[in-house]
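Worksheet: one structure, shown below.
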Amino acid sequence: MPVQSSYNQNQRPAVEGMIANTEPKLLISRTIEDATGVGFGKVVQQGSADETCTADLATSAMDAFKFLGVTVRDRSVRPETPNKFAQRESVQIMRKGVIWVTVAGAVAAGTDVTVTLATGVLGSASVGAGVVAIPGARWESSTSGAGLAKLRLAG
């Protein structure tokens, strides 16, 4: 008996945390500190211990020096947490390259990238209290509203 009996005619173009192309990239690995885990395509910073990372950007006020990169989607994560990395799991983090991320509003290709520390939401908001620019990052694609966009990290 077949497991799947219906199929979508068109594949979705991308998913959050997916590497966008085959150009050279720089990936590092760290261990997740967060008890609730960390999703794919999320900004992470240096954790409280060596070789760890956290998506909690507000507690220790992420800045350009603490920014590590964006988590890369991994199809081999634990079945009990299928859409994120669990605490103490090893995660690949993109430091340089192009990756798909979710944005809450419109972004334009070639413009600066910011992250809201309280929520971890990426976008093009003005830098100010609680909103930090990601160093060397640019939007590689544009969106007219919430959805997926390609983020270029310069490393």
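Each reported figure results from applying straightforward, stated rules to the coordinates on display, with no laboratory input. Note that the structure is predicted; figures quoted are calculated from it, not measured. Here Cβ is always computed from backbone atoms with ideal geometry, including for glycine, and neighbour counts include all displayed protein chains.
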It is to be established whether one or more residues within region 69-81 are in contact with a strand residue (DSSP E or B) (Cβ under 7 Å, 6 or more places away or on another chain), within 19 Å of LEU153 (Cβ to Cβ), part of a strand (DSSP E or B) and not polar (S, T, N, Q). yes
Residue count, region 25-57, condition outside any loop (DSSP other than H, G, I, E, B), crowded, with 20+ Cβ neighbours inside 10 Å, of a type outside the set (A, V, I, L, M) and under 13 Å from the mean Cα position of the chain (by Cα), comes to 3
Residue within region 13-36 that is within 20 Å of GLY136 (Cα to Cα), in contact with a Cys (Cβ under 7 Å, 6 or more places away or on another chain) and of a type in the set (A, V, I, L, M) present: no
So, VAL131, is that one more than 15 Å from CYS53 (Cβ to Cβ) and either in contact (Cβ under 8 Å) with a residue 40 or more places away in the chain or of a type in the set (Phe, Trp, Tyr) (or both) or not? no
Extreme residue, nearest to ARG88 (Cα to Cα), among residues of region 13-24 that are part of a loop (DSSP other than H, G, I, E, B) and aliphatic (A, V, I, L, M): MET18
Which count do you get for residues in region 98-127 that are part of a loop (DSSP other than H, G, I, E, B) and either surrounded by 20 or more Cβ atoms within 10 Å (Cβ to Cβ) or within 12 Å of the chain's Cα centre (by Cα) (or both)? 2
Kindly indicate the residue of region 58-95 that is buried (at least 16 other Cβ atoms within 10 Å of the Cβ) and β-branched (Val, Ile, Thr) and also farthest from the chain's Cα centre (by Cα) among those meeting that condition. VAL77
